[in-house]
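To start, the structure itself, in structure tokens.
Bear in mind these aren't lab numbers, they're just calculated from the coordinates by the rules spelled out. The structure displayed is predicted, hence computed values, not measured ones. FYI the Cβ positions are ideal-geometry reconstructions off the backbone, even for glycines, and counts take in every protein chain you see.
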Amino acid sequence: MIGTCSAVSCAVAPVAAAPVAALADAGAMAATDIARQVGEGCRTVPLAGHVGFDSLPDQLVNKSVSQGFSFNILCVGETGLGKSTLMDTLFNTKFEGEPATHTQPGVQLRSNTYDLQESNVGLKLTIVSTVGFGDQINKEDSYKPIVEFIDAQFEAYLQEELKIRRVLHAYHDSRIHACLYFIAPTGHSLKSLDLVTMKKLDSKVNIIPIIAKSDAISKSELTKFKIKITSELVSNGVQIYQFPTDDESVAEINGTMNAHLPFAVIGSTEELKIGNKMMKARQYPWGTVQVENEAHCDFVKLREMLIRVNMEDLREQTHSRHYELYRRCKLEEMGFKDTDPDSKPFSLQETYEAKRNEFLGELQKKEEEMRQMFVQRVKEKEAELKEAEKELHEKFDRLKKLHQDEKKKLEDKKKCLDDEVNAFKQRKTAAELLQSQGSQAGGSQTLKRDKEKKKAPHHPTQAGSVAGSCCKLPNCMVKGAMFSGLL
Amino acid sequence: MFCFPAMGHRHCCALGPMDPMRRSPSPCSSRPSSPRTPPCEMLGYVGIEAVLDQLKIKAMKMGFEFNIMVVGQSGLGKSTMVNTLFKSKMWKSTVQGLGTPTPQTLKLQSVTHVIEEKGVKLKLTVTDTPGFGDQINNDKCWDPILGYISEQYERYLQEEILITRQRHIPDTRVHCCIYFVPPTGHCLRPLDIEFLQRLCRTVNVVPVIARADSLTIEERETFRRRIQHNLRTHCIEVYPQKCFDEDINDRILNSKIRDRIPFAVVGADREHLVNGRCVLGRKTKWGIIEVENLAHCEFPLLRDLLIRSHLQDLKDITHNVHYENYRVCRLNESHLLPRGPGWVNLAQTPAGPLAAPQPSKACQQDQEDSKDDDEY
């Protein structure tokens, strides 16, 4: 007797009337390789009684509660649009922090984490806020720090996932789950900074655009503003986050909410007494704006969508769509593929080995190149040095030659001088001899002496040079002149 | 009045464009009020607990998977037990005909069914091991089983390291292995001890005393104590493992379960009339053994453990502990992951204890595993 409980057919083959017979051929499979029947061919079997696994979702939920949840919101918007106030209002608490000035040199991101507890659910909430967005004169690079921050969170998760020893289930997920983009309430259209930033962010994070400080816009202007914004987003191809409509329980409410995007919100943490209740509101001389009044602003809608209905979906989209895209791009950038052209699955190891060999080959090539360049340079330097050496040699030779010439000249001169000196000496000695002879033997000897003296020094001067040139003594000259007259 | 500096506020870390790797300064613990993240008092209802409902809806839509393996000698009532557990004809009860030869080698057979109860869809896969321990020489008869379990881990690992991954990786890993101990009444046999020692390191094992209707209540108790003593002597940690108890409530609950392991079970898939009620049971000449009656056998305890209370826990331990251990060994030996320039934070592989769900708790199993690590 097999009672029939609800049987949902998922199998390709129809569920047979006698499941036992169907089981027989579905049963035994091949030896150690087991071809599992996954998906198609899965038979649904009716249950004969209460088994008890309907408690499974509760078991899952209990596990998740004990682990805790984490949710990360990024608030992007110009300074002074009420980002911190809105966060305070959303989570009904006062987060720490001081307002930023308008004089920031660049865009920075400030991140704070808080532990919230509601009944038995613990939420680790991280709020990241841009500081100084839109304050610079040149805003071309304003989006870059934001994109880098988001990528850094993905990178951290990827690193953790790829570790050998990893603790993924206890890992504090810091990836941004939702990005609230604050649009200034000008009433006209989106600023170009907004468009550029949103375009850069739409493939990395779930963007929910909201119109901040919307109590500055009247109702009619607001509808026009919203239409303008949505059309601009569509025409620029910006993909904002759409609330999911595939599950029946939330499809309806999400569908209507999708039409109200972007939400026009007001934030306020002051409580005022309205009627006989304390409500969050902003007081103006002309009236009071109530934050939680749906006719006044869309704050309640934002809170519903962000927290109460779609928090899990936001997290799931971040993980399964944005993170997977980042991971795929990152790994492909590193050169890893899944299948090669023969459609055989690559193992990461093969790819890694190939890359490694490639890298080593490149290294070797570079080394070769460097070596060759080095050799070439050495050669050049050598040639240069040789040139210089040659020059030096030449110079040296030249100088030497010069030196030798000089020396020769000087030697010649010296020789001349020496000759003259010798000649003079001879004449001197001759003259002295004559003198001594003359003084000894009267006149004739002196004559003779003088003659000899005359002859001796005059011999060299017979060539014609004047006697005076050889003999510098005036006496000698005179005597020489006298005696030469006598001869 | 003091002017606000550009950076350096009290609780926050200003992340400049040069510092992309810094995360917010909160540790991994999920317990509230860790010293560095300030707890915040909420002044009103925000609605965070609605996330639980969202989780439930998502889980129900996706469905659950559960893979169970039954190991034991022929004739111990494995197929009948599976049928009784899930109250459906998973297997045709294998009664050996006169002509069918006994299987010469260990062949694993696996069958998958989808069962649904109150909107919860469960894809159940049961793997049977006919021929286990039936030969004369049973040396290394656990190898095909260990090979099969490793193959499922390998399959999951390959899916996980693909570049383009599926959204939901099909989970074929064995979450629970029920080991049938024959009701000898003495103690564990060497085959049992060998098998349990090897298997407890890779998969959650729940030993049960099969065909417990051949033992009286007192015999059961003695048998159970002897088996527990054997398990302790040989350092075999069966599910629920003591080292994975998360908090005091878990420990109390699991201690009670650990006291009754191994359960003495009886399987039956026929219904009989007892006192006007239709119950599942075995009809014998001396009475009807009711399967669901706690006084007769401990089948309800096994069913509650496996399905009603600890199913998610079984899956979690398989995923967080056993699969991670397999992954560590596999990646260490084959260098599947890139470990070169550009991968800055990849952890080195110290020869330390293997993964445990609570890193703060010391693990007896880890010490045993690290002893085996040296044998690799």
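The table below gives the values:
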read-out	value
FRET efficiency, 1/(1 + (r/R0)^6) with R0 30 Å, evaluated for B:Ile169 and A:Ser119 via beta carbons	0.35
Within 10 Å of each Cβ in A:315-327, the average number of Cβ atoms from other chains	2
Quotient of C-alpha Rg and 2.2 N^0.38 Å, computed over region A:63-334	1.02
Residues of region A:93-132 with amide N under 20 Å of a point placed 7 Å along Cα→Cβ from A:Asp141	A:102-110, A:130-132
Shielding by partners, peptide A:408-420 (average Cβ within 10 angstrom, other chains)	0
Ordering of A:158-168, A:102-112 by burial proxy (mean other Cβ atoms within 10 Å per residue, highest first)	A:102-112, A:158-168
Protection proxy ranking of A:58-64, B:274-280 - average other beta-carbon atoms within 10 Å, highest first	A:58-64, B:274-280
